[in-house]
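Presented below is the structure to which this report refers.
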4 protein chains.
Amino acid sequence: MAEIGIGIVGGGYMGKAHAVAMTAVGAQFGTSLRPRLEMIAARTKASAEDYRQAFGFRRGTDDWDQLVSDPDVEAVVIATPQKLHREIAEAAFSLGKPVLCEKPMGASLEDAEAMVAAAEASGVANMVGYNYIRTPASQFARKLIAEGAIGTVTWFRGEHTEDFYADPDAPATWRTSGMANGTMGDLAPHMINAALALIGPVTSLVAEVETVHTQRPGGAVTNDDQAQIMCRFANGTMGQMHFSRIATGRKMGYAYEVHGTHGAIRFDQEDQNALWLYRAEGPEAERGFRKILTGPAHPDYLPFCQGPGHGTGYQDQIIIEAHDFLRAIETRTPVWPTFRDGLAVMRVVQAALTSSRTRAWQDVPQDPTI
Amino acid sequence: MAEIGIGIVGGGYMGKAHAVAMTAVGAQFGTSLRPRLEMIAARTKASAEDYRQAFGFRRGTDDWDQLVSDPDVEAVVIATPQKLHREIAEAAFSLGKPVLCEKPMGASLEDAEAMVAAAEASGVANMVGYNYIRTPASQFARKLIAEGAIGTVTWFRGEHTEDFYADPDAPATWRTSGMANGTMGDLAPHMINAALALIGPVTSLVAEVETVHTQRPGGAVTNDDQAQIMCRFANGTMGQMHFSRIATGRKMGYAYEVHGTHGAIRFDQEDQNALWLYRAEGPEAERGFRKILTGPAHPDYLPFCQGPGHGTGYQDQIIIEAHDFLRAIETRTPVWPTFRDGLAVMRVVQAALTSSRTRAWQDVPQDPTI
Amino acid sequence: MAEIGIGIVGGGYMGKAHAVAMTAVGAQFGTSLRPRLEMIAARTKASAEDYRQAFGFRRGTDDWDQLVSDPDVEAVVIATPQKLHREIAEAAFSLGKPVLCEKPMGASLEDAEAMVAAAEASGVANMVGYNYIRTPASQFARKLIAEGAIGTVTWFRGEHTEDFYADPDAPATWRTSGMANGTMGDLAPHMINAALALIGPVTSLVAEVETVHTQRPGGAVTNDDQAQIMCRFANGTMGQMHFSRIATGRKMGYAYEVHGTHGAIRFDQEDQNALWLYRAEGPEAERGFRKILTGPAHPDYLPFCQGPGHGTGYQDQIIIEAHDFLRAIETRTPVWPTFRDGLAVMRVVQAALTSSRTRAWQDVPQDPTI
Amino acid sequence: MAEIGIGIVGGGYMGKAHAVAMTAVGAQFGTSLRPRLEMIAARTKASAEDYRQAFGFRRGTDDWDQLVSDPDVEAVVIATPQKLHREIAEAAFSLGKPVLCEKPMGASLEDAEAMVAAAEASGVANMVGYNYIRTPASQFARKLIAEGAIGTVTWFRGEHTEDFYADPDAPATWRTSGMANGTMGDLAPHMINAALALIGPVTSLVAEVETVHTQRPGGAVTNDDQAQIMCRFANGTMGQMHFSRIATGRKMGYAYEVHGTHGAIRFDQEDQNALWLYRAEGPEAERGFRKILTGPAHPDYLPFCQGPGHGTGYQDQIIIEAHDFLRAIETRTPVWPTFRDGLAVMRVVQAALTSSRTRAWQDVPQDPTI
């Protein structure tokens, strides 16, 4: 088995998740390429050393540039605030090192375009960290739709709703300023990415983006609390989306439903181990949505457990992601979602922001126009 | 106990439901005013006689005008195709007879306006038959929101989705032509009515209305299969709606969810005896959506059963409606939804149709502008 | 259409339900035989007159014997306390009048045996009022099992749980004394009847019957709060049951699950319009319990509504029962559950009481041994 | 941070799960004691080497005795067939090495008793691997009940049902012979352990244990397919259990419900991230079972994710177990369930087997009687 030195930039919430994933993925999936936790970068020497010890890296640094350029760091995971994504990624690609970058790509559309250019110029593996679509259930949903199991798709509805800012008295923090930290920057990309994966490109949309609670204890809120979209997909499907961080009661409301001419699919991440499938076949009296529990018959489940219904969780999604990243590196084949796929998400986000401002339908620029 | 002679125009699906309701409502609710099934009108003498016998009316007629003007018919229920609603209602009101009219009001906005004028000129009881909002669960939802149980409302999502035309090979019938028989004419009014009742007036919207399957065996389809709306309510709430007759797997998808600053509500008519309530109070570790089963503690449940969770059904909604209509007659007090309330629904429908054509946001004219 | 004069003995909870059912059943089902609400009997002249007016009977009486012997009363519905069941039924049968008797039959096994003898000697229609098994969902479950849709049955679990006495401080009333009013007398018969209908005869069992709260404000409790049974059916199936009036949180917990070699069925009356079916067929990855919403494709649904998923409720079960009773009268063919079927339920109840006392497995006497 | 050398005996299903857990637990929980994957033992040199590489151990061996006695192996995880549990555990304890042993303990009650004696003589950490009860939801359920959140417990129902042998044509394998591999040996201990944890000791029971499909392709079946128990707990609570490997449709049916005088709890491992709680408080109209999604407010969730509702899975249970084992080692304080707790489970299993044979209630010997 070959080994690959991993450097992770950022030791917070997602940095830890990626560190654990890189630790576990080898044994979990039996990969031939095995990650070695080579270096972690954080803001200060002290925090870097803390993360190093906590997560089991060989070395820590307060200088991401040092990490990227270290010869024993052979692949880079970016788990920093969004504004640093571009710079780090460009540095890594310039050295020919594969990059797994947390979503969303960069702090702006311009960043994202530059990152795609850098990634494709380098020719190495590049992936964006959309973890939720990697559950066995959502992978299976995608497969079912692609295979025509529900016929021609006629409708899509998606949401990414949580309630961590539902309380109007929750104080202002770094999360309540900066477009990238608002609902469109932070939550919407997950579900837009799912929409693109399940249905295909979005060609036009009309949207509203709003800050419901403009003042919070501690200051003004300068990014959005919730948003809604109506859209058309390239294949003609009509759809709706909703994103919110003030959706009282919703904890992980990453949910979608898809209607087709011969069936339908429903999914809610709050019960991530179940996929609901309706097939318009057989006697009318026996038709109904089936609650399918994920198991070894579904993508990327078996490495976690031999028994169906035993369940995977949040951390497992990141492990699946790590596996895919290793696969992309090893096979030198792009694994979805690449940076280019991530750019498509950001174009939809951008069109929604524009539509909300112009109060008009917007076309979404398609792929070749980088 | 006083008696009132009821005349029902139309003996089909809804005519039967109203006939049974008028038969049962007295015993079920212990009303002081008791309906007497006086006369039923249908298209032919033969069908009128069939309905008379089947439903237990004293007399039948093939002439609705005779029914309306008969002195022993003291109140009129209109359950005909929509194009006849206006004419019958105007005739009844001109004779000072109360009218319960099936939704939607008339075949056009003009009809609806004329009907409101006639109703209000007569001063007698007038009601529109939006049955779904009359379940104990939805009545309770309305009460909770009105009382502020979930705080300030921040989001509304509603749908009325069924799948009776999901199969592209289902043949064209009378249902696939005529705006009033399409999704916006037939299904959308129910959920728009719910939205107005739960949240308040809709002031602006953007919509798409589409015919997905334009050809069916037997001919072209000239009305809509599905539609979507994004809207703003007068109180500032943002919202989304979706209506469909091709929503594969959905049988009675009259569903809504409402987020507020201190709670949330979810409802789905496919499980009409449950209301889901989330309250943002108490220890975080014990918070969750409660599945409240309707019972004697909820509106209009006790007349049907003393035990909670024992459940009411579709026909019971029509009985509740009959009870409300009798109450409006007896107390000479308007009972929601009056014709004026029904007109408000039709204005939203009209604005949606316009928006779909213009592909632009539309303002919805408000009440005083009749 | 022929008419039949109905007499109902008892005007309380169930008396009202039967009165409404007899009022509505004709129009709802389009029966050829039409009930005429001839007479209602209650304890006092005043209450009889109240019920007469409230439910729309022609006459009232405080003497059930007068009701039974009145020539215009052609069929009798017994909705009195259990201790009167036998006497009334015997009187009616002696006059050749069909009887629909609320469950359970009589106050004792001896009563039940005598009632079967009287019923069968008279040769007229006789039915016991087990309403819950008459939902479209449970009728369909029974049909599926009988047709072998889930293969050979290997397991049954049933419960009838409510929580109306869960609060230890709820006061003692008539309900807390008398075996017939306890859990084994009042609730268990419903689920035992379901077990017999779904799986077949119970041949042996071991049981525990207990009074958890022996003292309540107002006095001692002399009947049971909950009970449990393990049993064997004649076809070899193993099973469990549980009955409770102190099942906190359960409102209408009439629920069962049946495993078979090729499928499984689950049902819970708290969501009475859904039946869950699992079929062990098709690709493993697509298997799951389907939530089938009842509709026109299921037994006795269409008379209530043409649309699937629109739902039936508690009162509708009694209407279905009335329809079956009319059918039994008209066709002179026994309609399940007859008095003999009701006796089989009581034998299981009796064996459970005995087993709880002896703390040993008990055989359940089978049918021929009346 | 200190390090501890871990040896795992067995590289199959559970061996892998424990290996991954030991790899991940340090970073996931930020433990001060860090596992070092020192040695893995398997049946052959070749398989040991395969496991070593796959899971990242330093060394492999085909001799478990070598593993146990190796000075760098400081703690032992037993993940072999049950018949080896005792011998390995005794060897480890004799060297003063802590042991985490997969359930159930040993192949017989005698084994289990000897293992408790050895563990307690050694005085080192000893734990049995009941993973399912370690979900944040079930830990929280246990806490709620212990704190009296649902009042005095009045009822318990538990099941552990799966369907991996539901198909009568599934062939005979090693799993269909040997008591330890049957339902009572393999599945029942999980739920019995849960019952003891949630409610307390079981003092008496009556049970049935049966082999439904006695012949399968490839040979006779000599262990049990399903079983049922009725029992009494030391605190007087009445209860039922059911265990099955032929429960068609059930994939991970580890489920329980507990009624108390002031509330109730329901849980089903097939949706392991939700706990259903009913509290008999507040207005009747607002009562209902709440679906609580696990999150940072619940035990052992936060190490996996900062967001509630994001979910943990099967592998995470094993990681929690590893964390508890490390804690027991480090603090030299017993962490539930110790070998003595595991013995209590086996005594219930034994009493059930006896009861099924004698067809009589059995007392369950309590703890001091080792």
- Message: Restricting to segment A:189-215, give me the number of residues that are under 25 Å from residue B:153 (Cα atoms) and of a type in the set (A, V, I, L, M, F, W, C).
- Response: 5
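Mind checking which residues of segment B:252-291 are charged (D, E, K, R) and within 19 Å of residue C:250 (Cβ to Cβ)?
Matches in segment B:252-291: B:271, B:290, B:291.
Of the residues in segment A:100-110, how many are open to solvent by less than 20 Å² (accessible area, probe 1.4 Å) and under 21 Å from residue A:354 (Cβ atoms)?
The initial filter retains those residues of segment A:100-110 that are open to solvent by less than 20 Å² (accessible area, probe 1.4 Å), namely A:100-102, A:104-106.
Within this subset, residues satisfying the condition of being under 21 Å from residue A:354 (Cβ atoms) are A:104-106.
Selection size over segment A:100-110: 3.
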- Task: Could you tell me whether segment B:226-245 includes any residue that is more than 8 Å from every other protein chain (Cβ to nearest Cβ), on the phi > 0 side of the Ramachandran plot and part of a loop (DSSP other than H, G, I, E, B)?
- Result: yes
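Those residues that are open to solvent by 20 Å² or more (accessible area, probe 1.4 Å), more than 9 Å from chain A (Cβ to nearest Cβ) and under 19 Å from residue B:240 (Cβ atoms), I need them from segment B:201-220; list them, please.
B:201, B:203, B:209
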- Query: Taking segment A:26-60 only, how many residues are facing chain D (nearest Cβ under 10 Å), free of Cβ contacts under 8 Å to residues at least 40 places away in the same chain and among the polar types (S, T, N, Q)?
  - Reply: 1
- Query: Conditions: (1) free of Cβ contacts under 8 Å to residues at least 40 places away in the same chain; (2) hydrophobic (A, V, I, L, M, F, W, C); (3) assigned to a loop (DSSP other than H, G, I, E, B). Residue D:336 meets all but one. Number of the miss?
  - Reply: (1)
- Message: List the strands (runs of 3 or more DSSP E) inside segment C:2-99, counting only whole elements, that have at least 1 residues being farther than 17 Å from residue C:115 by Cα and either in contact with a His (Cβ under 6 Å, 6 or more places away or on another chain) or open to solvent by 20 Å² or more (accessible area, probe 1.4 Å) (or both).
- Response: C:2-9, C:33-41, C:59-61
- Note on the structure: Scanning segment C:341-354 for residues that are in contact (Cβ under 8 Å) with a residue 60 or more places away in the chain, surrounded by fewer than 24 Cβ atoms within 10 Å (Cβ to Cβ) and not hydrophobic (A, V, I, L, M, F, W, C) gives C:341, C:347, C:350
- Could you please give the count of residues in segment A:288-325 that are without any contact (Cβ under 8 Å) to a residue 12 or more places away in the chain, within 7 Å of chain D (Cβ to nearest Cβ) and open to solvent by 10 Å² or more (accessible area, probe 1.4 Å)? 1
- Mind checking which residues of segment A:86-133 are within 24 Å of residue A:314 (Cβ to Cβ), modelled with pLDDT of 95 or more and out of contact with any strand residue (DSSP E or B) (no Cβ under 7 Å at 6 or more places or on another chain)? A:125, A:130, A:131, A:133
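Every residue, every condition in (1) outside any helix (DSSP H, G or I); (2) crowded, with 19+ Cβ neighbours inside 10 Å; (3) not hydroxyl-bearing (Ser, Thr, Tyr), yes or no:
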site: C:140; (1), (2), (3): no, yes, yes
site: C:143; (1), (2), (3): no, no, yes
site: C:150; (1), (2), (3): yes, yes, yes
site: C:156; (1), (2), (3): yes, yes, yes
site: C:159; (1), (2), (3): yes, yes, yes
site: C:165; (1), (2), (3): yes, yes, no
site: C:169; (1), (2), (3): yes, no, yes
site: C:175; (1), (2), (3): no, no, yes
site: C:191; (1), (2), (3): no, yes, yes
- Of all the residues that make up segment B:221-272, how many are within 25 Å of residue B:357 (Cα to Cα) and open to solvent by less than 10 Å² (accessible area, probe 1.4 Å)? 21
- In segment B:353-370, which residues are over 11 Å from residue B:202 (Cα atoms) and modelled with pLDDT of 95 or more? B:353, B:354, B:355, B:356, B:357, B:358, B:359, B:360, B:361
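Name the residues in segment C:246-279 that are within 14 Å of chain B (Cβ to nearest Cβ), assigned to a loop (DSSP other than H, G, I, E, B) and either hydrophobic (A, V, I, L, M, F, W, C) or closer than 20 Å to residue C:139 by Cα (or both), would you?
Step one: filter segment C:246-279 for residues within 14 Å of chain B (Cβ to nearest Cβ), giving C:247-255, C:267-276.
Next, from what is left, pick out any that are assigned to a loop (DSSP other than H, G, I, E, B): C:247-252, C:272-273.
Matches in segment C:246-279: C:247, C:252, C:272, C:273.
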- Task: Could you check, for segment C:159-169, whether at least one of its residues is under 23 Å from residue C:107 (Cα atoms) and out of contact with any Gly (no Cβ under 7 Å at 6 or more places or on another chain)?
- Result: yes
- Message: Quick test of your reading of the structure: residue B:140 fulfils all but one of (1) modelled with pLDDT of 95 or more; (2) within 15 Å of the chain's Cα centre (by Cα); (3) more than 23 Å from residue B:5 (Cα to Cα). Name the failing condition by number.
- Response: (2)
- Is it the case that residue D:318 is out of contact with any Cys (no Cβ under 9 Å at 6 or more places or on another chain), under 30 Å from residue A:295 (Cβ atoms) and modelled with pLDDT of 95 or more? yes
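The values are calculated or read from the model by the stated rules, or taken from the named source; none is laboratory data. Since the structure is predicted, the reported quantities are computational estimates derived from the model, not experimental observations. Note that we place each Cβ from the backbone using ideal geometry, even for glycine, and neighbour counts take in every protein chain shown. Protein only, heavy atoms only, side chains kept; ligands, DNA and RNA dropped before computing areas. Shrake-Rupley method; radii C 1.70, N 1.55, O 1.52, S 1.80 Å.
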